[in-house]
Amino acid sequence: MVSSLPPPSPRAHAITHAATLEVSANLLRMVTFVITRARRGPRCLPRTRAASARAKALLVIRYPRDAPPIWRLARDTGVSSSTAQRDVLLGAQGRP
């Protein structure tokens with residue numbers, strides 16, 4: 001049986017996005033540490049966050065540098081748009 005579909009293009013297997021962040025590993029580690037310490041406070045219940053501390057640190061660092069749309073940050077991080085928007089807003093205010 002002969003297929004009537006055209007052959008796949010060389011771009012068919014292209015990466016749709018490459019979320020890279022050119023900051024030092026120490027900066028990412030320090031922001032993650034600060035967020036983790038703040039989550040251990042008395043007001044934060046354990047295991048109630050949609051994003052990990054590292055994912056939230058990436059959101060907070062990446063938003064002012066690249067200024068991508070919130071939905072793209074959410075997609076790259078693997079959280080909902082509302083979670084990404086809340087985390088970026090709280091990070092801009094200095095609250096984890």
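Each Lys or Arg adds one and each Asp or Glu subtracts one; over the other residues with Cβ under 11 Å from the Cβ of Ala57, this totals +3. Neighbours of Ser24, meaning other residues whose beta-carbon lies under 15 angstrom from its beta-carbon, give a summed charge of +3 when Lys and Arg score +1 and Asp and Glu score -1.
A short reminder: the numbers here are calculations on the coordinates, not readings from a lab. Only a predicted model underlies this, so the values are computations on that prediction, with no experimental measurement involved. Every residue, glycine among them, receives a Cβ derived from its backbone with ideal geometry; neighbour counts consider all protein chains shown.
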